[in-house]
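Heads up, the thing below is written out as structure tokens.
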Amino acid sequence: MLAGGKTPPDFAAAASVPATPGSRALADLNGLPMIRYVLRALQTASTIGRVIVVAPPGSPEHPETDLRVEADRDFSGNIAAGLEHCKNAEFVLIVTADLPFLTPEAVDAFVQEGLSRGADCSYAGIPKEACDARFPGMKRTYLHTRAGSFTGGNVVLQRVSAFARQADMVREAYLRRKNPAFLARLIGPGNLVKFFLRRLTQQDLEESVSRLLGVRCALILTRYAELGTDIDKPDDIALARQLLQNR
């Protein structure tokens, strides 16, 4: 699990945490740090053998964690630091610490589907209607395709031995994830036209990402909206507290 990243002052104030790296994972959600909800789901999932948290120096320990690794690198480097402790595993599930609605059922369904595809890197796509039905009021960014509108998940099933080939591009993609020109290059000019015409297909996306990363990638379409409902804006916090209280 990745528990680093910046904590903007407005988010920190709403979450009752300091505006320091990694504090976002500790956002107070009804008396429990947000990361604990995620850890409990992972510890209960039948497909997860060990939970490793990559967090900044000085981050608190949590009872649901099997190992904590210090996160003092960039995004790609922190993933690599965690994978250093997973050399005996063929696959790992990379998860961010801001998914408080995560459930063991969602984890197991995604992992099992990813393993059945046999790809080096499997990522989640969630239909808009599933997000709206499960988490009304939560705002997400959607990609419009021929099959419908989808948002990306915050989980990746990664083959450990393949990550070294992806590391440089993962680093660039994270740094430039909000750059329209880079995103256009990411999917390619042909797919960009399909995107505007809403003719983009699942196969188009899989082939583009596989070509870019240099490994075989699979897009797992799932109705488990909790795989992609992250808490990263101040307005999300109050709504998350309410939804968790109702649950």
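What about Val107, is it closer than 23 Å to Gly22 by Cβ, in a helix (DSSP H, G or I) and in contact with a strand residue (DSSP E or B) (Cβ under 8 Å, 6 or more places away or on another chain)?
So Val107 passes the test.
Could you list, in sequence order, all residues of the range 173-206 that are surrounded by 14 or more Cβ atoms within 10 Å (Cβ to Cβ), under 20 Å from the mean Cα position of the chain (by Cα) and modelled with pLDDT under 85?
Result: Ala173, Arg176, Leu183, Leu186, Ile187, Gln202, Leu205.
Just for the range 117-146: of the residues that are aliphatic (A, V, I, L, M) and outside any helix (DSSP H, G or I), which one is surrounded by the fewest Cβ atoms within 10 Å (Cβ to Cβ)?
Leu143
If Asp28 passes every condition in (1) more than 22 Å from Glu226 (Cβ to Cβ); (2) of a type outside the set (Ser, Thr, Tyr); (3) over 19 Å from the mean Cα position of the chain (by Cα) but one, which one does it miss?
(1)
Could you grab me the full set of residues in the range 150-163 that are modelled with pLDDT of 95 or more and more than 14 Å from the chain's Cα centre (by Cα)?
Arg159, Val160, Ser161, Ala162, Phe163, listed by residue number.
Quick grid of which residues meet (1) part of a strand (DSSP E or B); (2) in contact with a Cys (Cβ under 9 Å, 6 or more places away or on another chain):
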| site | (1), (2) |
| --- | --- |
| Gln112 | no, no |
| Leu115 | no, no |
| Gly152 | yes, no |
| Val156 | yes, yes |
| Ser161 | no, no |
| Met169 | no, no |
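Among the numbered criteria (1) at pLDDT 95 or above; (2) more than 30 Å from Asp10 (Cα to Cα); (3) buried (at least 20 other Cβ atoms within 10 Å of the Cβ); (4) not hydroxyl-bearing (Ser, Thr, Tyr), which one does Val209 miss?
Failed condition: (1).
Does Leu227 count as modelled with pLDDT under 95 and under 19 Å from the mean Cα position of the chain (by Cα)?
No, not satisfied.
The values are calculated or read from the model by the stated rules, or taken from the named source; none is laboratory data. Note that this is a predicted model, so its numbers are computed, not measured. Quick reminder, even Gly has a Cβ in these numbers, built from the backbone with ideal geometry, and neighbours come from all protein chains shown.
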